[in-house]
Amino acid sequence: MEKITEKLLLEKGSPKTNKLEQLKTLNLSKLGLKLQDLPARLLSRLRSLERWDLSGNLLQELPRNLELPALRHLDLSDNQMEDVTTLESLGGLEELKMDDNLYVTVSDNYKLMVLLPNLRIYNGKDVSTTANHLRYVYSDNLRTRVVALWEKSFCLPDPVTAQKMVALETNFVMTARQQVKFGPSSVSDFTKWKVEIIAKEYLRSLTQPKEDSDDKEAAEAKENHGVTTPSKRKQTDTVMDAGTRLTPRKKQRVNLPSPAEESPRKSSLRLSRLQSLTPTDAVSTSPRKTSQPPSTSTRGRTRPETPRRSSKEEPKKDVSRRDLKASQLQRDADMLLTAKTCSNTQPASLKPLHVLQCHSKQDSSEDFSTQLWACAFQPLPDSSASSGGSRLVATCGGDSLCVIDCETGMVMKKYKVPGEEFFSLAWSTVLMSRAGKASAQHCSILAAGGKRGLVKLIHPRNNMAYGEFRASRKSLSVLRFNHQQGNFLFTGSYDNKVSLWDVGGVDSQYNFKVVRLLVLDISATPLHLCLPPTSPGTHLLTACEDGLHCYNTQLGTNSAAKRSKEMEITFPAYQKEDKDHDYHTVDGLSFLNDDVVASKNYLHGSIYLWSWSQTRAQRPNKKSRAVSAVVLAELQWANTEVPYLALNTCPGQAYIVCGDDSGRLWTYHVPDLHGNRLQSGKLVLPTEVLEWPTPLRSGGPLRGPSINSVAMDPELHYLVALSDKNMVIVWRREEST
C-alpha cells in the first residue's frame with residue numbers, strides 16, 4: 001500500500017493541477033487502505049472534491065473529522081465497513097455506493113439515510129422517498145412516543161444538579177430504548193439508535209437556558225401562538241407501508257394523444273396566424289370598468305360572495321401604528337439586500353407571435369368557453385443566456401395539458417384525461433435511476449391537478465404519463481415544487497388544506513413512491529403558494545381568499561403545533577375596507593428577487609411590492625399574528641371585480657406582468673428598487689400596457705378576454721398568457737437595434 005501523500009493525491013486526482021484545493025475527482029480504489037491510512041487533515045484540503053472512489057479497500061470506517069464540503073458522490077463498495085455513522089460529516093453526499101460490504105445491515109442503510117440529509121441515490125437506486133419518510137414521518141412518530149414516555153414516567157429532579165441529570169439521562173435513555181417500539185423488527189437496531197438520539201435531544205431541550213430578556217416578548221408570542229391558533233399539523237400515518245406510498249401501473253399512459261393529435265399544425269389546434277393586430281381602444285393609465293358583473297370564475301366551484309370583515313378583527317389604530325413603523329423601515333438605506341435585480345436590464349419590446357386553441361373540446365375551433373388556468377416554462381438547470389433558455393411552456397385547462405414550443409407555435413405534447421378539469425401544474429427536476437452501475441440522470445417532470453383531487457405525474461420527454469396519486473378528496477387549486485429539493489411537492493386544495501408530498505424520483509421502469517410529509521390546515525382556499533428563494537425548506541407563503549399567511553414548514557421539528565400559522569401579512573388597502581369592499585383576497589403572489597415580493601388584492605387596482613425580510617423581522621401581534629407588509633412601492637393596475645387574474649415575475653429581467661379582464665397585459669420593468677420613483681409614495685405607472693391582439697376569426701375579431709395566468713422564460717424571450725376563452729397567446733421579445 002502506498003502512503004497517502006499530497007503527491008499521490010495530485011497523481012490520482014483530476015483535473016491535473018498542483019493544488020489539492022482544485023481537485024474535483026479522486027480515485028483511491030484498490031490500494032488496500034485502512035482507517036489509519038487516511039490522513040484527515042490532508043484530505044480535508046480537498047475543498048472542491050465532488051467525486052471520490054474508495055472502492056476495493058479494507059476500510060471499516062472513515063475518519064470522523066473529515067471535512068469535504070463539495071463531495072457529492074462517494075464509492076465505498078467492496079470494503080469492510082462496519083460503523084456507518086462515521087460518514088455523518090459528509091452531509092453533502094447525494095450518491096453513495098456501499099455494495100459488497102458484508103457487515104452493513106438494513107439498519108445501517110437506514111442510519112445512512114438519516115445521517116446524510118441530501119442522500120438520494122444509494123447503491124444505484126433512488127431512495128429519496130424512503131429516506132425522507134425515515135427523516136421526518138418515522139422520526140416524528142418515534143419522537144411522539146419518547147415524549148409520551150417522559151410525561152408518563154419521568155420528571156426533572158428538584159433541584160437540578162449535574163449528578164442527578166447524568167443519572168436521569170442514563171435511566172431515561174435506557175428505558176426509552178427498551179419500551180419505545182415502532183416499525184418492523186428487522187430495523188430494531190435503527191429504531192433503538194434513533195430513539196436514543198431523540199431522548200437525549202428532548203432531555204436537553206428541557207434543561208436548556210431560557211431565552212434572553214431581549215427575546216422574552218418573542219417567546220411569549222410564540223407560546224401564545226401555539227395556544228390560540230387552531231390550525232394544527234395533522235399526524236401522518238404511522239405505518240411505513242401506508243397507503244400514500246403508491247406504486248403505479250408500469251408504463252401505462254393516461255390517454256396519450258395519437259400521432260395525428262400530436263400534430264400542432266392541425267387547424268383545429270390553433271387560430272389563424274395573426275393576420276391583423278387591430279389595436280383596441282387607447283389604454284388609459286388606470287382603466288375603470290363602468291359596470292362589471294360579479295366573478296365569473298369557475299375554478300372548481302362558484303365563488304361565494306366575499307364575507308365582510310368586522311372592524312373588531314383588527315383595530316385601525318393598531319394598523320396605522322404598524323404602517324407608520326413600516327414606512328419608517330421603508331426609508332432605511334439598507335432595506336433591500338437584493339439590489340442585484342439586474343439594474344442593467346432594459347425594458348423589453350414584446351410583440352404577439354401566436355394564438356392557439358390547443359385545449360378545445362373535441363378539438364373544435366369554435367370552442368371559446370374552456371377556461372385556461374395555469375402555465376409555466378420548463379426549467380433548464382444548465383441553461384444560460386448564451387443557450388437561449390427554455391422555449392417550452394406547459395399550459396393546462398379543461399381536460400388537457402399541453403407542452404408548446406413558443407418559437408414555432410407547435411404543440412409538442414398533449415395529454416387528455418376525460419372528466420378532469422386541470423387547475424394547476426408545476427415543473428420540477430428529479431433523478432431517474434438506471435439499471436446496472438449506470439449513474440442516475442436528471443429528468444424534467446410535470447405535475448398537474450384539478451377537479452378530481454388527483455396529481456398526475458408526467459415525463460414529457462419520453463411522452464409518458466407515468467403515474468398518479470390522490471392528494472385530496474376535494475379539487476386541487478394549486479401545485480408548487482420546492483425549487484431546491486425537486487421531489488418535494490406542495491398541493492393546495494378546496495378543503496382548505498396544504499399538503500407537502502415527497503414524490504421521489506423514478507427508475508427505468510417508471511416505478512415511484514409517494515409519501516405525505518406534512519399537512520397544514522389553512523383558513524380558506526389557497527390560491528397561490530410561494531417559497532422564499534433563499535429558504536424554501538422553512539417557510540411557505542399562502543395567498544388565500546381571506547388574506548396572505550405565512551407557515552413554518554421546516555421538517556423534523558419537535559412539535560406539531562409549530563405547523564400552525566406563523567403570521568398573517570396585512571396591507572395598507574385593508575384600512576380602506578368598508579361594508580361594501582373587502583380587499584383581503586390575495587389572488588396574485590410571486591417573488592421578484594430573493595427579498596422583494598409582488599402581490600395584489602383584487603378589487604384594489606394596484607400591485608404591492610414589499611420586502612419579505614423586513615416584514616418578517618417585525619414582531620407579530622400576539623392575538624391576530626398580524627404584521628404589516630413593509631411596502632416598497634405600489635404599482636398601478638386595472639380596476640376590476642374579476643378575481644384570479646394571476647401576476648408573475650421574471651427575476652432575471654426585473655419584470656412583473658399581470659393581465660386584466662380586457663385581454664391587456666400590464667408590464668412593469670423594475671430594475672432599481674432604490675430609485676426615487678419607488679420611494680415617492682406615488683403609484684408607479686406601468687412600463688407598458690400590451691393591448692389585446694384581437695385575432696381574427698370567421699365571425700369577426702375577438703374581444704379581449706380575462707387573462708387568467710401569465711408566464712415568462714428566465715431571459716424574457718417569450719411571454720405566454722392564458723385567457724378564459726380558450727386562447728394561449730405567445731408574445732416574443734424583439735431585439736433592440
* **For segment 99-120 and segment 23-84, distance of Cα centres in Å** => 16
* Asked: On the first, second and third principal axes, largest extent first, how far apart are the outermost C-alpha atoms of segment 497-554 in Å?
  -> 44, 25, 16
* Structure fact -> With T = 25 °C, eta = 0.890 mPa s and Kirkwood Rh from C-alpha pairs, the Stokes-Einstein D of segment 1-126 in µm²/s is about 170
* Which distance in nm do the two modelled labels at L8 and R47 give, with both placed 7 Å along the Cα-to-Cβ direction? -> 2.5
* With all pairs of different alpha carbon atoms counted, what Kirkwood hydrodynamic radius in Å does segment 524-666 show? -> 15.6
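Please work out how much length the chain gains when fully extended from K622 to E366, using 0.36 nm per residue of separation minus the C-alpha to C-alpha distance, in nm with one decimal.
Value of the extension gain: 86.6 nm.
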* Asked: Among the trypsin sites (Lys or Arg not before Pro) within segment 395-444, which fall in a DSSP loop and have no more than 12 other Cβ atoms within 10 Å of their own Cβ?
  -> K437
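Please list 609-618, 30-39, 152-161 highest first by mean number of surrounding beta-carbon atoms within 10 Å per residue.
Ranked by mean Cβ neighbours within 10 Å, highest first: 609-618, 30-39, 152-161.
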* Cα pair count fraction exceeding 21 Å, expressed as % - segment 452-517 -> 23
* Asked: Is the shape of segment 589-633 rounded, prolate or oblate, going by the alpha carbon gyration tensor and its root eigenvalues a ≥ b ≥ c, with a/c under 1.5 for rounded and a/b larger than b/c for prolate?
  -> oblate
* Lys/Arg Cβ at +1, Asp/Glu Cβ at -1, dipole of segment 51-170 taken about the Cα centre: which of W150, L74, P63 is farthest positive-ward? -> W150
* To do: Please tell me which of these pairs span more than 25 angstrom C-alpha to C-alpha: K12/K34; K413/K451; K152/K497; K152/K192?
  => K152/K497
* Residue among A598, Y644, V630 farthest towards the positive dipole end of segment 590-662, charges placed on Cβ -> V630
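Which value results when the Cα radius of gyration for segment 608-648 is divided by 2.2 N^0.38 Å?
Cα Rg divided by the expected 2.2 N^0.38 Å: 1.51.
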* For segment 94-175, what percent of Cα pairs sit more than 22 Å apart? -> 48
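Bear in mind that the values in this text are calculations on the coordinates, not laboratory data. Remember, predicted model here, so these are calculated numbers, not experimental data. Positions of Cβ are backbone-derived with ideal geometry, glycine not excepted, and every protein chain shown enters the neighbour counts.
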